[in-house]
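Single-structure report; data block below.
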Amino acid sequence: MKLSWRPGILEYSIRELVPIAKSLESKGKRVIYLNIGDPLKFDFQTPSHIREALKKAVDEGYNYYSRSQGNSELLEAIAEKERRINNVPVSPDRIIVTVGVSEAINFVMAVFIEEGDKVLLPGPTYPLYVNFTKFYGGTPIFYKLDENNGWQPDIDDIKSKIDDKTKLLVLINPNNPTGAVYSRKRLEEILDVAAQHNITIVSDEIYDMIVFEGKFYSTASLSKDVTVIGLNGFSKTYLMTGWRLGYIYVHDPVNDMGEDICNAVLKLAMNRLCAATPIQKAAIQALKGPQEHIKEIVEKIKNRRDAVMKIISETNCLEAVKPQGAFYVFPKINCKGPWKDDRDFAYKLLLEENVLVVPGSGFHALDKTHFRTVILPPSEILEEAFEKIKRFIKKHVE
């Protein structure tokens, strides 16, 4: 029996070295995990009113299949949130609830991509965009994020890579893995390019409320003539990672194809039935209930960001652009050692110092000299981890 080629193209470097880390732990080693962006693995907790809402939903019998599009009250709450927080005039009928943003990415690529189509992706990018582009027969084309300009998208590079096969242009803002928050001017320039070439934009905004400096602008809020598909969810801001709840919305300012896109996505949603009904009920309270925790988590992560940046600034061989949002730092390794590339660096660092980071090439960075680390652990753990990273580099370079 011959299996399909599709699973063979899937890569997810964020979890690639975890089996080695678990093997080290089985031998009594203590591993510091800096690979996965999950606040709940550290000293963050889902707000109590959201947890109570889930318990109440289960006890009150909301345990059946819901509408494939999503609970009506939740769709209204999401629309209100997008209007109030992100200035996006989206209506509930243009929103579809998904099982996390991961399913949303899958749905979008399934709806748009056919054999030979191209998708413009940031380099570096979140790996699922590459995986699902290839899964449906498309070709990922990477445009440059300019490290010398705060990891902002390079407009000239975007323009140079558009052709008649380009179907989608993906933005991740605030960015994973770099932590960049895109300027209004840069987003408007990208929208102008998309309008000239009649390209739909996919804007991943899962970290929209985790911003330390500057102002976040939702792409759809700035679009006058470009269809923007927004992706967002509850994992990060509402500390609901394991609950797996996200959403897609379609902003179609010229009423060109928004209805067709929503209908196509909804057909896919019907074939997986629905997102978990009691979790949808709890998400309503996440949006309507107290929001004080957001300011608290942003301040906590900002302080940890500052601690990491201070350590990096004092470390030979490492430098990093200060992230303005999300909860990652993407340091550059500026010296040569006995590692072949960034993957080998991460592998040897794990074996020798028991610190798990993700190689930048796992995010399809355009060079192989970076790694991504989360900035979620308490400062003392981050400081310990970076002391180990410094020791590892010093041992091999000096």
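Read the figures in this text as sums done on the coordinates, not as results from a lab. Predicted, not measured: the structure shown is a model, and the values here were computed from it. Every residue, glycine as well, gets a Cβ built from its backbone with ideal geometry; the counts of neighbours run over all protein chains shown.
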- [ ] Evaluate region 312-334: report whether one residue or more is hydrophobic (A, V, I, L, M, F, W, C), assigned to a helix (DSSP H, G or I) and over 24 Å from residue 122 (Cβ atoms).
- [x] no
TODO: State the number of residues belonging to region 119-146 that are surrounded by 21 or more Cβ atoms within 10 Å (Cβ to Cβ) and over 15 Å from the mean Cα position of the chain (by Cα).
DONE: 6
TODO: For residue 165, indicate whether it is surrounded by fewer than 18 Cβ atoms within 10 Å (Cβ to Cβ) and within 20 Å of residue 182 (Cβ to Cβ).
DONE: no
Open item on the list: Go through region 363-390 and report how many residues are β-branched (Val, Ile, Thr), surrounded by 22 or more Cβ atoms within 10 Å (Cβ to Cβ) and under 17 Å from residue 41 (Cα atoms).
Closed with: 3
TODO: Filter region 348-398 down to residues that are without any contact (Cβ under 8 Å) to a residue 60 or more places away in the chain and touching a strand residue (DSSP E or B) at 6+ places or on another chain (Cβ under 7 Å) and give me whichever is nearest to residue 13 (Cα to Cα).
DONE: 371
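For region 280-311, what are the residues that are part of a loop (DSSP other than H, G, I, E, B) and among the acidic types (Asp, Glu)?
none
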TODO: Select the strands (runs of 3 or more DSSP E) contained entirely in region 85-195, then report the ones holding at least 3 residues which are within 23 Å of residue 270 (Cβ to Cβ).
DONE: 95-98
Open item on the list: Six or more apart or on different chains, Cβ atoms under 9 Å: show the pairs whose first residue is in region 209-227 and touching a residue at least 12 places away in the same chain (Cβ under 8 Å) and whose second is among the aromatic types (Phe, Trp, Tyr) and buried (at least 21 other Cβ atoms within 10 Å of the Cβ).
Closed with: 210/327; 216/182; 216/207; 217/182; 219/182; 220/249
Open item on the list: Please go through (1) outside any helix (DSSP H, G or I); (2) in contact with a Pro (Cβ under 6 Å, 6 or more places away or on another chain) for residue 65 and return the number of the only condition it doesn't satisfy.
Closed with: (2)
Task: Residue list for region 43-62, filter: surrounded by fewer than 15 Cβ atoms within 10 Å (Cβ to Cβ), touching a helix residue (DSSP H, G or I) at 6+ places or on another chain (Cβ under 9 Å) and in a loop (DSSP other than H, G, I, E, B) - done: 43, 45, 60
Open item on the list: Name the single residue that is nearest to residue 230 (Cα to Cα) among those in region 63-82 being surrounded by fewer than 19 Cβ atoms within 10 Å (Cβ to Cβ) and free of Cβ contacts under 8 Å to residues at least 60 places away in the same chain.
Closed with: 76
Open item on the list: Take residue 114 and tell me if it is buried (at least 20 other Cβ atoms within 10 Å of the Cβ), farther than 23 Å from residue 218 by Cβ and touching a residue at least 24 places away in the same chain (Cβ under 8 Å).
Closed with: no
